[in-house]
Amino acid sequence: MSSAANSGTGRTAYVIIGGGLAAARAVEGIREEDEKGRVVVVTEEERLPYERPPLSKGVLKGDDAIDSVFTHPEGWYADHDVELRLGDPATSLDAHEHVVTLRSGESLSYDKLLIATGSSARALDAPGADLDGVLYLRELQESTALKEAFADGARVVIVGAGWIGLEVAAAAADAGCSVTVVEPQAAPLLGVMGEQVGGWFADLHRSHGVTFRFGEGVSRIEGSGRAEAVVTTTGERLPAAVVVVGVGITPNTGLAEGAGLDVDNGIVTDTRLRTSADGVWAAGDVANWESTTLGTHVRVEHWANANDGGLAAGRSMAGADVTYDPIPFFFSDQYDVGLEYAGHVPRGSGAEVVLRGEPSANEFMAFWVVPEGDGVRVLAGMHVNVWDTIDAVQQLVRDATVVDRDRLADASVPLDELTGSSAG
């Protein structure tokens, strides 16, 4: 194992900025390679690093205890000689001098620094968006506030039919709330899934009593001190006791920008998650990493990237020969439906959707493909209540395998038979 301990420089060997899963996993990665180097974790929230997917799933629905979100208990950090600076975020970074300054005024000199600052919920730009009862879902206290609000079977209006909007809609509907989703596009997840699969999501939610207002935005939110109604861009007035905003997230790149690091849709890194500044790495939502397999830079806002990228960054910081090159992956649970998605569909790719199975039965697969040779090449695939297939999907994407379109659509043909086949 390498040792990057303080070696007479007066610097902390490793400083990790962030309070999410990527930060916690980076500590694990460092300790795999370096048992003694001093590690300091700096967080904005006054909580131990925690995972965010349960906030819109188990915690929100009441299935999981709040403590289940924490990646490690407090004693774990002490056992691994990790110092925590909870609730004392980094306010500035001098990448040339290797110094980060905290809100408390403390300055930390470092040898290796990881920026894992994650992302923030994008604010709704509409009059009344600052009223009480207008909620977001990004932090733990927001999840518990929503859970309490749903307990009374409230009228809920959700702004945005992305992943957060749909998962919150499912939790609210399951709690007995009256749910309406306002979405400017023609279907949920249109930019990711396309209209056909997006339409299936809409049907799934409608079958559980959710109402959609597609092609409409929010003109204003009305209320006297507290939200009482959402007025859409068509003039429709939707009574609401709770308004949940899910209009996307923005990577927290301010620290990197202030330090002069290369930033382009996140902090730009190489295949080892190193940034443009010597001794600085980035991982998780905030990192736009170089993918060898996909031949482009990729920024992914999902659990697997924080989990795997954090570990890879920690190992890379501690001197391991790391190449971070995953196939992007995410999962979602809505009602009695579980799904997993793997791959990357670039905007403007012209990909078409190939379905395997019957969407109306809520048990099917979808593949996003482009023509190649005498067949098609899979860019991404998703299974819905069809399990033990995601490894094959990832292999099809990674190997850029050309397959016969009809066989891909035929549920009687095992995917394993396609991963090594070629239609050209």
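The values are calculated or read from the model by the stated rules, or taken from the named source; none is laboratory data. These numbers were taken from a predicted model, which means no experiment stands behind them. For neighbour counting, all protein chains shown are included, and Cβ atoms are generated from backbone atoms with ideal geometry for every residue, glycine included. The protein model used for the area step is the full one, side chains on, heavy atoms only, and it has no ligands, DNA or RNA in it. Shrake-Rupley method; radii C 1.70, N 1.55, O 1.52, S 1.80 Å.
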> Considering the stretch 142-151 alone, what residues qualify as being touching a residue at least 12 places away in the same chain (Cβ under 8 Å) and open to solvent by 30 Å² or more (accessible area, probe 1.4 Å)?
Replying inline: E142, T144, K147, A151
>> Pairs needed: first member in the stretch 396-421, under 15 Å from F364 (Cβ atoms); second member anywhere, open to solvent by less than 70 Å² (accessible area, probe 1.4 Å) and among the polar types (S, T, N, Q); C-beta distance under 6 Å; at least 6 residues apart or different chains.
In response: L415/T389
> Considering the stretch 208-228 alone, what residues qualify as being touching a residue at least 60 places away in the same chain (Cβ under 8 Å) and not in a loop (DSSP other than H, G, I, E, B)?
Replying inline: V218, S219, R220, I221, E222, R226
>> Please verify whether S120 is within 24 Å of the chain's Cα centre (by Cα), closer than 25 Å to T275 by Cα and among the small types (G, A, S), treating the condition exactly as stated.
In response: yes
> Does G314 satisfy being in the same structural domain as E28 (by the TED database) and buried (at least 18 other Cβ atoms within 10 Å of the Cβ)?
Replying inline: yes
> What about V192, is it touching a residue at least 60 places away in the same chain (Cβ under 8 Å), open to solvent by 40 Å² or more (accessible area, probe 1.4 Å) and under 18 Å from D333 (Cβ atoms)?
Replying inline: yes
>> Given the condition out of contact with any Leu (no Cβ under 9 Å at 6 or more places or on another chain), of a type in the set (D, E), modelled with pLDDT of 95 or more and not in a loop (DSSP other than H, G, I, E, B), answer yes or no: does some residue in the stretch 248-267 qualify?
In response: yes
> Hey, any hits in the stretch 284-302 for a residue that's in contact with an Asp or Glu (Cβ under 6 Å, 6 or more places away or on another chain), touching a residue at least 60 places away in the same chain (Cβ under 8 Å) and either among the aliphatic types (A, V, I, L, M) or under 24 Å from Y110 (Cα atoms) (or both)?
Replying inline: yes
>> When you check E44 against the structure, is it within 25 Å of the chain's Cα centre (by Cα) and of a type in the set (D, E, K, R), yes or no?
In response: yes
>> Just to be sure before I move on: is P346 on the phi < 0 side of the Ramachandran plot and open to solvent by 20 Å² or more (accessible area, probe 1.4 Å) in the structure I sent?
In response: yes
> Which of the residues spanning the stretch 10-47 are within 17 Å of W303 (Cα to Cα) and either part of a loop (DSSP other than H, G, I, E, B) or open to solvent by less than 20 Å² (accessible area, probe 1.4 Å) (or both)?
Replying inline: G18, G19, G20, L21, A22, A23, A24, A26, V27, G29
> When you look at V243, is it in contact with a Leu (Cβ under 9 Å, 6 or more places away or on another chain), at pLDDT 95 or above, of a type in the set (V, I, T) and open to solvent by 40 Å² or more (accessible area, probe 1.4 Å), yes or no?
Replying inline: no
